[in-house]
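In what follows, a structure is listed as structure tokens, so that the remarks can point back to it.
Please treat every number below as a calculation from the coordinates, not as lab data. Every value quoted in this text rests on a predicted model; they were computed, and no experiment measured them. Heads up, the Cβs are rebuilt from the backbone with ideal geometry, glycines too, and the neighbour counts pull from every protein chain shown.
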Amino acid sequence: MDNKRKYVIPGDVVTTGPFRPEQNVELQGNKIISTTIGISEIYDDSVKVIPLTGKYIPKINDLVIGKVISHTSLSWELDINSCYVGFLPAQDVFGRDFSAHADELSSKLKSGDLVAARIANFDRTRDPLVTISDRDLGKIDTGDLVKISPSKVPRLIGKRGTMIQMIEMATDAAITIGQNGWVVVSCESPEGLLKAKKAIEMVNEKAHVANLTDQVKEMLESKGES
């Protein structure tokens, strides 16, 4: 029986056979069906689906911000705010002549480092492959990490980039937005940094509000602490 975790949507058959349905699944005949979007888990004799609210589902070409968790001799593992782990191959960083014996991975990236990367390959059955071989990708040396819900990212960017441009212009901050809901903000002025972070958090909390742009603008234009 294949008990590997897999991504499921409502109506997907998780498994068949004599299992006990636990969370977010129901029994239909001899089939156990998922009732939510999530990751299915089968252990011992029971089946459950862990819901994916607030977690990022990778899509090819997405820009993500990842945090290095660990590495093997051939790749780094990145936390990308997902139920999946991002794999960054060492060859991607060291180049084609990479040698697993001679090149020490931690000389380039170590645990805790932040990286701007793209999802290079992903197909629900295994963890995604990420790349940093484009321009503007790679290790992030400066800036503060702000975490928002991945579903709020489009609101933070705004129509044709209007929201994020407004925040950057008002604060002189440089903001990198990962589709996975992780945002890096860097700014030379401490006040600008504070305001930019506050604006991002405002969007995260009030994404549903109709006049959000005006509210953010008002906060950005206010002097000192409001």
Exercise for the section: Past 32 Å, Cα to Cα, is the threshold; run Lys6/Lys159; Lys55/Lys223; Lys110/Lys159; Lys59/Lys108; Lys139/Lys195; Lys108/Lys206 against it and keep the listed order. Expected result: Lys6/Lys159; Lys55/Lys223; Lys110/Lys159; Lys108/Lys206
Fill in the blank from the handout: With Cα springs under 10 Å, the Gaussian network model of the chain assigns the largest mean-square fluctuation among Thr213, Thr72, Thr171 to Thr72
Handout entry: Qualifying GluC sites (Glu not before Pro) for the range 193-226 [loop in DSSP, other Cβ within 10 Å: at most 13]
Key = Glu225
Problem - Per-selection Kirkwood Rh - the range 170-213 (Cα, Å, 1 d.p.) - result: 11.1
Handout entry: Cα gyration tensor, the range 144-221 - rounded (a/c under 1.5), prolate or oblate
Key = oblate
Practice task
Bin width 5 Å, alpha-carbon pairs only: give the P(r) of the range 6-51 as whole percents, running from 0 to the bin holding the largest distance.
Solution key: 6, 30, 40, 20, 4
Completion exercise
Labelled set (1) 31, 23, 18; (2) 36, 27, 12; (3) 26, 19, 15; semi-axes √(5λ) of the Cα gyration tensor in Å computed from this model equals the value at (2)
Exercise for the section: Calculate the length of the line joining the C-alpha centroid of the range 7-63 to that of the range 131-184, in whole Å. Expected result: 31
Exercise for the section: Beta carbons within 10 angstrom, averaged per residue: use that to sort the peptides 60-69, 143-152, highest first. Expected result: 60-69, 143-152
Fill in the blank from the handout: With bins of 10 Å, the percent of all Cα-Cα pairs of the range 59-164 per bin from 0 is 14, 44, 32, 9, 2
